[in-house]
Amino acid sequence: MPKSNLKDLFSDYLYSDLNTFEKRSTVNQIKDQIFRYGFDMSSIEYFSTEYSREEKEQFIIEIFKEFEQADEAEKIKVRDTLSSFLIETNDIIQTQILPIFFKNLLNKSDFKLVFNTLNIFTSKWNDFNDDTKKKIYHVFLKILDNPFDLFIEEGIYEITNIVLNSKSSLDNTKLLFSKNEINNFYQKLVITALNSKADPLYAALESIRQLINRFPNLISKKTYESLYPLFKKISKQFAFFYPAKRDYIKSSLAFIYLILMFEKFYDENYLKYLKLIIKKMVKRIDHADIKYLLELITFILKDTNNIPKVEVIRPIFPILRDINNKKDRIEDYISDLVEEIINFIWPLISEEDKDLFFLEPEFGDTKI
């Protein structure tokens, strides 16, 4: 089909007395035409000048409806068609239809619509100009205020990826986002973490850690103080049932790795809450997650410089003893971790601590 037909199809849609079947048929033809050939200047000019703002918006709504019945292959066509309207047309069209995309992105109940819209933006992110990227980004942040955990979790991961990896379209050696914008995103992640639990909490903690790894200038006393409320939040969390316990372990591990980046600011309260979280993790840990706790302990022993290591990890001593006593029945990786930890701490611990490792636990009283 020649490119010039796109203008005619826009005209057919706009002026014909179309019933539902005919309208959908025309929408499909336009979608296929744009997917195969993109826009030509005459079709852009026609859509820009002959369609009112409301008519443009309604047409985009009709394209979005195609997601409802589309299979995976067809969804790619719909997604590419919609992104083409935002990338290949002119400023008038893009400015007038963007609100429809943003409205869909902020839908508080239709997760398919939200994720399809999110994917339209993220799949073509590098093709948008800087001004459009910034507009989209500021709407993305509002996803974190959605009442549903699934939206928040996905939003955190997508936005973090964008902040970490976006380059200026004008100068590929420069980051898209300024130091101030990155700091504001950090603050938004902290607020989200404070207001979240389970998967969104973990996502926020991991994203904060990624952000600080990428921008180490964020490591400061002020930043540590902004994280301090999370110390209290996580140390006071309750987890009685198995799924909640695993969520607690997951979030606690993420938080400890994060807060250890600020160990140079450690004080009495830092130490108190760090020990409390590790102690609570020890009480809730099971075989499925023990390797992650042991890896954390290894990290503390090898890679921290300021905190009193033995004092911090003392709550795990009974677990080290129990695993060491039955190491022939434990996976080699876990057994090796325990052996490495014991060898490391042995010269550092007291005789009383050493005596603990020679005690045989009562039947049924092992930690793991």
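Read-outs: derived from the displayed coordinates by stated rules, not from any lab. Note that the structure is a prediction, hence the values are computed from the model and not measured. Using ideal geometry, Cβ is built from the backbone for each residue, glycine included, and neighbour counts are taken over all protein chains shown.
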Quick calc: nm separation of the 7 Å Cα→Cβ label points for PHE148 and LYS108 -> 1.3
When all alpha-carbon pairs of the stretch 271-355 are counted, what percent fall beyond 19 Å? 34
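Stretch LYS179-GLU62 to full length: gain in nm at 0.36 nm per residue minus the Cα-Cα span?
Separation in residues times 0.36 nm, less the Cα-Cα distance, equals 38.1 nm.
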In whole Å, what is the distance between the alpha-carbon centres of the stretch 141-212 and the stretch 287-303? 27
Can you give the FRET efficiency to the nearest 0.05 for ARG24 and GLU55, using r as the Cβ-Cβ distance and R₀ = 25 Å? 0.90
Restraint check, LYS23/LYS77; LYS134/LYS250; LYS77/LYS167; LYS7/LYS133, Cα-Cα greater than 23 Å: LYS134/LYS250; LYS77/LYS167; LYS7/LYS133
Computed helical MRE - 222 nm, the chain, DSSP H runs ≥ 4 contributing -39500 (n - 2.57), nearest 500: -22500 deg cm²/dmol
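May I ask for the equivalent-ellipsoid semi-axes of the stretch 155-214, computed as the square root of five times each C-alpha gyration tensor eigenvalue and listed largest first in whole Å?
Working from the Cα gyration tensor, I get semi-axes of 23, 11, 9 Å.
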Does a label point 7 Å from the Cα of LEU359, set along Cα-to-beta-carbon, have any residues of the stretch 285-327 with amide nitrogen under 12 Å, and which are they? 317-319, 321-322
Dipole magnitude of the chain about its Cα centre, charges +1 at Lys/Arg Cβ and -1 at Asp/Glu Cβ only, in debye to the nearest 20? 1140
How far is helix 198-214 tilted, in degrees, relative to the longest principal axis of the Cα atoms in the chain, given as a value from 0 to 90 rounded to the nearest 10? 90
Cut-off 19 Å (backbone N to label point 7 Å along Cα→Cβ of GLU331), residues of the stretch 299-313: 299
Summing Lys, Arg as +1 and Asp, Glu as -1, what charge do residues with Cβ under 14 Å from the Cβ of LYS354 carry, LYS354 excluded? -2
Using a 7 Å offset from the Cα along the Cα-to-Cβ direction at both ASN126 and THR298, what is the distance between the two label points in nm, to one decimal? 3.5
For LYS188 and VAL310, what does the FRET efficiency come to when R0 = 35 Å and r is the distance between their Cβ atoms, rounded to the nearest 0.05? 0.40
In degrees rounded to 10, the 0-90 angle between helix 130-143 Cα long axis and the longest Cα principal axis of the chain is 60
Working from Cα positions, state the angle (0 to 90°, nearest 10) between the long axis of helix 268-284 and the longest principal axis of the chain. 90
Where is the GNM fluctuation largest for the chain (alpha-carbon springs, 10 angstrom cutoff): ASP145, ASP322, ASP171? ASP171
Nearest 0.05, what FRET efficiency do LEU170 and LEU141 give at R0 = 25 Å with Cβ-Cβ as r? 0.60
Kirkwood-based Rg over Rh for the stretch 1-125 (C-alpha set), two decimals? 0.93
Cα gyration tensor shape of the chain, rounded if a/c is under 1.5, else prolate or oblate by comparing a/b with b/c: prolate
